[in-house]
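K.L.:
Below you will find the structure I want to go over with you.
Each value in this text was obtained by applying a stated rule to the coordinates, not by laboratory testing. Note that the structure is predicted; figures quoted are calculated from it, not measured. Heads up, the Cβs are rebuilt from the backbone with ideal geometry, glycines too, and the neighbour counts pull from every protein chain shown.
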């Protein structure tokens with residue numbers, strides 16, 4: 001079976017929930033926590049959020065002025081069909097970090113600025129969430145590998 005690979009296009013963090021995330025060149029991830037210093041880190045099933053760059057490009061094509069991190073995703077991926085992955089599937093990020101997919105999409109708490117711009121937002125449908133099961137550091141440009149169980 002072929003190994004499916006993508007890459008990390010951006011890493012984004014915020015100190016407080018409900019605020020726009022800032023892009024950073026690298027991040028440390030801890031088991032059963034998430035990204036160190038991110039507001040969404042903690043002992044729950046949505047420690048890390050991922051969104052494909054290809055999804056962001058769809059919103060740009062609709063007229064939204066958006067870029068990686070604007071959807072409050074922690075990791076913007078490129079080259080992977082995130083929605084084709086199974087619940088419970090695992091991804092290796094960089095050399096050592098492994099995350100397990102725990103949720104597809106989410107209910108939006110309100111109509112965000114992106115929705116107001118173009119009448120739609122992709123994160124509730126195309127964002128995925130994961131928990132960290134192997135710790136380490138990740139960097140923009142690192143490989144993402146889909147792991148077989």
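K.L.:
Using 0.36 nm per residue of separation minus the Cα-Cα distance, give me the extension gain between residue 95 and residue 23 in nm, one decimal.
P.N.:
That pair, residue 95 and residue 23, stretches by 23.9 nm at full extension.
K.L.:
Related question: Using the Kirkwood radius over C-alpha pairs as Rh, can you work out the diffusion coefficient of segment 5-147 via Stokes-Einstein at 37 °C, viscosity 0.692 mPa s, in µm² per second?
P.N.:
222
K.L.:
Could the peptides 77-86, 26-35 be put in order, highest first, of the mean number of other beta-carbon atoms found within 10 Å of their residues? Each step should come with its number before you reach the end.
P.N.:
Working: 77-86: 15.7, 26-35: 18.9.
Ranked by mean Cβ neighbours within 10 Å, highest first: 26-35, 77-86.
K.L.:
Let me ask another. Give the span of segment 1-79's Cα atoms along each principal axis, as three whole-Å numbers ordered largest to smallest.
P.N.:
Dimensions of segment 1-79 along the principal axes of its Cα atoms: 39, 35, 23 Å.
K.L.:
Also, quick follow-up: Given a Förster radius of 25 Å and the C-beta distance between residue 30 and residue 62 as r, what FRET efficiency does 1/(1 + (r/R0)^6) yield to the nearest 0.05?
P.N.:
0.10
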